[in-house]
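Take a look at the following structure, please.
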Amino acid sequence: QVQLVESGGGLVQAGGSLRLSCAASGTILSINAMGWYRQAPGKQRELVAAITSGGTTNYADSVKGRFTISRDNARNTVFLQMSSLSPEDTAVYYCNANLNRFPGLPFRDYWGQGTQVTVSS
């Protein structure tokens, strides 16, 4: 079994900051990319930011310059530092990890349960 457990969501005023964390645990051989997605009410889930095992990052245009993704490979943990938050950032944020569990098995995506981020105006 693999679990991705997120933490750090909550309610914050516009202009404020939050830091999300996601730790992957269980039987894990190797993790490729880890990332954060979000889904607002009535909208599709969208990529927020992703980071490879080598540290290459990718951001949605809407969060560039405001959000920073990082990871601790030794602890299978990914972080999302969010600054200058606006009400448009309100959504459920999901952690994602592309990993494999045993030699010879393909990599596949695993998801966290989601954490609510609410930004008040």
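Add +1 for every Lys or Arg and -1 for every Asp or Glu among the other residues with Cβ under 12 Å from the Cβ of Q116, and state the total.
Values: positive: R38; negative: E6, D89.
It works out to a net charge of -1.
Run the numbers on the chain and let me know its relative contact order in percent, using alpha-carbon pairs under 8 Å that are six or more apart. Walk me through the numbers before you get to the answer.
On the way: 307 pairs, mean separation 43.1, N = 121.
Relative CO of the chain lands at 36 percent.
Would you mind counting up the charge near L18? Only other residues with Cβ under 13 Å from its Cβ, with Lys and Arg at +1 and Asp and Glu at -1. Before the final figure, lay out the partial values.
Working: positive: R19, R38, R66; negative: E6, D89.
In short, +1.
Of the options N73, T52, V119, report the single residue whose Cα projects farthest towards the positive end of the charge dipole of segment 13-121 (beta-carbon charges: Lys, Arg +1; Asp, Glu -1).
N73
Ranked highest first by average number of other Cβ atoms within 10 Å, how do 87-99, 65-77 line up? If you can, show how the numbers build up before the last one.
Values: 87-99: 19.8, 65-77: 15.2.
Sorting 87-99, 65-77 by mean packing, highest first, produces 87-99, 65-77.
Read-outs throughout are calculated quantities, based only on the coordinates presented, and are distinct from any laboratory measurement. Keep in mind the model is a prediction, meaning the values are calculated, not measured. FYI the Cβ positions are ideal-geometry reconstructions off the backbone, even for glycines, and counts take in every protein chain you see.
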